[in-house]
Amino acid sequence: MLAMLSNNTFLRQLWAILKKDLRTEWRSREILTTTSVFAILVVLVFHFAIGANPALLRQVAAGVLWITLLFATVLGLQRAIQTESGEDCLQGILLAAQDSSIVFLAKMIANSIYLTIVCLFTLPLFSVWMHIDLTRNFMILLLVFFLGIGGLSTIGTLFSFILVNIKMQESLFPLLFLPITVPLTIAAVYATALLIEENSVGNVWDYITILIVFDIIFFTIALIVFDYIVEE
Amino acid sequence: MNHLGYLFAAYAIVWTLLFFYVIRLSRRNRELHEEVASLRAEVTRMLEKKYPHQS
Amino acid sequence: MHDLRSLPSWQKFYALLTYGMMIYALWLVFVYVPTEKAQGIVQRIFYFHVASALTMFVTFFLVFLASILYLWKRTEWYDHLAYSAAELGVLFCTLVLLTGPIWARPIWGTWWTWDPTLTLTLVLWLMYVAYLLLRMDSDDPRKARLAAVIGIVGFLDVPLIRWSIEKWRKLHPEPVVVQAGGKTGLPPSMMFTFLVCLLAVLLLCFYLLRERYLLAKANQETASLRHEIRELSA
């Protein structure tokens, strides 16, 4: 695959598919709007449920944040699956692509971008409502979010392809997605929690290790296994 | 419930679950056996009709 | 189940062996092994609880292997094995999740402790139930392949899940349900009882696995026969 990376066609095709997906999404902005609004709503509801006790809210803030992202991923990816289902457009792209992993990468990057945009909307609100200073340890926090979103995107995209033409896809997607991402959830939440408070940044690296291992393992597996999912 | 009760409950559950699973397996197995037999007979019948036996 | 008299001799032997082991295990657990000092008689749940947990891991590993082999060789055999192993796995998983709390309640007063193994078992239960739902639901011919992928991905996640749950637990330690007795060591009588239990449960598991596998094969045969009938009537 490294040889292919340097190959111009690979990157060109990747960029082409990515551009197409992003442009399609930009026209309706359906996924972006629904997931962003949903994310804000989740934070709001948590605020109503727990917010009467600000100290408690601060303690659960990291958890709330990542639950929001998880739900946003589930929602957003389900929409993404539905847009791909039917009409065999997927087959068309696969035939055109030099290597099936291009299709996977393009989708995964697109989904990561959506999640990042959702974060950009949610985090400021989060910071303001819950009185959390996100600029402390900003670079490490950025790393955690990068790894977390990357992992969610990898698993989510993989499963969305698996379930693309299955009847029960709406209910099966969260059922499959949430258990498998438990390590990521735990690691991301507690890394974020540690970074939001002032002390004990040292422990963070344990959680970040889990995130890195998770991302590497599942990214690799996704690429290996993708052929088997989409072959005819 | 005293401790003996809990012990009983645990083993009763184990037994019950296994029992029901075994029952389910054997019932399904029997049904499928019958179905396979009847389907096989049907196929033979249809083959006979299509390509009558040269005696 | 098949009429016991008509079975070939090795199957009969295996069935009898399983039954015999079970009876022996029961005797050991209830009569032979001494009562544990700290926990009392409830501790006797431990033998089948942990035996079930280990059996569960074995079956999930089988799902993993069978899934890989299926993607590689594409023989139906492996697919049926994967499905059967997953079903048995969920069965034993359920047993672990039910006996765990029953063990925990009289000793620690709560039904659920976030014991790392028990929590891991819970996550696995959810994962493999989703696997079974995927299998049961669609008639999609690609189903076997897709399920195989999930079987592989899911199992590879297990060490990661275990790792992250352990770290999570360090944040709020609670009683540990599954005392494997590794470092402190189980007295030999208990170890022996446990091993016999483990063997008995494994034997039972594989017996059921084979039955379930035959069911899957018969299922496929019905499908292909129906297909043939449709072709012939066309």
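The values are calculated or read from the model by the stated rules, or taken from the named source; none is laboratory data. None of the values given here were measured: they were computed from a predicted structure. Every residue, glycine as well, gets a Cβ built from its backbone with ideal geometry; the counts of neighbours run over all protein chains shown.
Report, by residue number, each residue of the range A:172-188 that is closer than 17 Å to C:TRP163 by Cβ, hydrophobic (A, V, I, L, M, F, W, C) and facing another protein chain (nearest Cβ under 9 Å). Within the range A:172-188, A:ILE180, A:VAL182, A:LEU184, A:ILE186, A:ALA187 qualify. Scanning the range A:15-36 for residues that are under 19 Å from the mean Cα position of the chain (by Cα) and surrounded by 14 or more Cβ atoms within 10 Å (Cβ to Cβ) yields a count of 11.
Of the residues making up the range C:218-234, those that are of a type outside the set (Gly, Ala, Ser) and either at the interface with chain B (Cβ under 9 Å from one of its Cβ atoms) or crowded, with 16+ Cβ neighbours inside 10 Å (or both) are C:ASN219, C:GLU221, C:THR222, C:LEU225, C:ARG226, C:GLU228, C:ILE229, C:LEU232. Residues that are more than 7 Å from chain C (Cβ to nearest Cβ), under 24 Å from the mean Cα position of the chain (by Cα), assigned to a helix (DSSP H, G or I) and among the small types (Gly, Ala, Ser) occur in the range B:12-19; there is at least one. Among the numbered conditions (1) modelled with pLDDT under 95; (2) over 21 Å from B:ASN2 (Cβ atoms); (3) surrounded by fewer than 18 Cβ atoms within 10 Å (Cβ to Cβ), the only one that C:PHE61 does not meet is (1).
One line per residue, one yes/no per condition, for (1) surrounded by fewer than 18 Cβ atoms within 10 Å (Cβ to Cβ); (2) in contact with a Leu (Cβ under 8 Å, 6 or more places away or on another chain):
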| position | (1), (2) |
| --- | --- |
| A:PHE145 | no, no |
| A:GLY156 | no, yes |
| A:LEU163 | no, yes |
| A:LYS167 | yes, no |
| A:LEU176 | no, yes |
| A:THR181 | no, yes |
| A:TYR190 | no, yes |
| A:LEU194 | no, no |
| A:ASP227 | yes, no |
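Taken residue by residue, the range B:28-51 has no member that is surrounded by 11 or more Cβ atoms within 10 Å (Cβ to Cβ), facing another protein chain (nearest Cβ under 7 Å) and within 30 Å of C:TRP103 (Cα to Cα).
Just to check your reading of the model, which residue among C:VAL50, C:VAL63, C:VAL96 is within 15 Å of the chain's Cα centre (by Cα) and within 16 Å of C:ARG135 (Cα to Cα)? Of the residues listed, the single one that is within 15 Å of the chain's Cα centre (by Cα) and within 16 Å of C:ARG135 (Cα to Cα) is C:VAL63. In the range C:118-156, of all residues being surrounded by fewer than 18 Cβ atoms within 10 Å (Cβ to Cβ) and touching a residue at least 40 places away in the same chain (Cβ under 8 Å), the one that is farthest from the other protein chains (Cβ to nearest Cβ) corresponds to C:LEU132.
Would it be correct to say that A:GLY150 is in a loop (DSSP other than H, G, I, E, B) and either at pLDDT 90 or above or not polar (S, T, N, Q) (or both)? Answer is no for this residue.
For the range C:108-118, the criterion of a residue being touching a helix residue (DSSP H, G or I) at 6+ places or on another chain (Cβ under 8 Å), among the β-branched types (Val, Ile, Thr) and within 27 Å of A:ILE162 (Cα to Cα) is satisfied by no position. Can you tell me which residues in the range C:30-45 are more than 10 Å from chain B (Cβ to nearest Cβ) and either among the acidic types (Asp, Glu) or part of a helix (DSSP H, G or I) (or both)? Within the range C:30-45, C:VAL31, C:TYR32, C:GLU36 qualify. Of all residues assigned to the range A:163-171, none qualifies as being within 16 Å of the chain's Cα centre (by Cα) and either within 8 Å of chain C (Cβ to nearest Cβ) or not in a helix (DSSP H, G or I) (or both).
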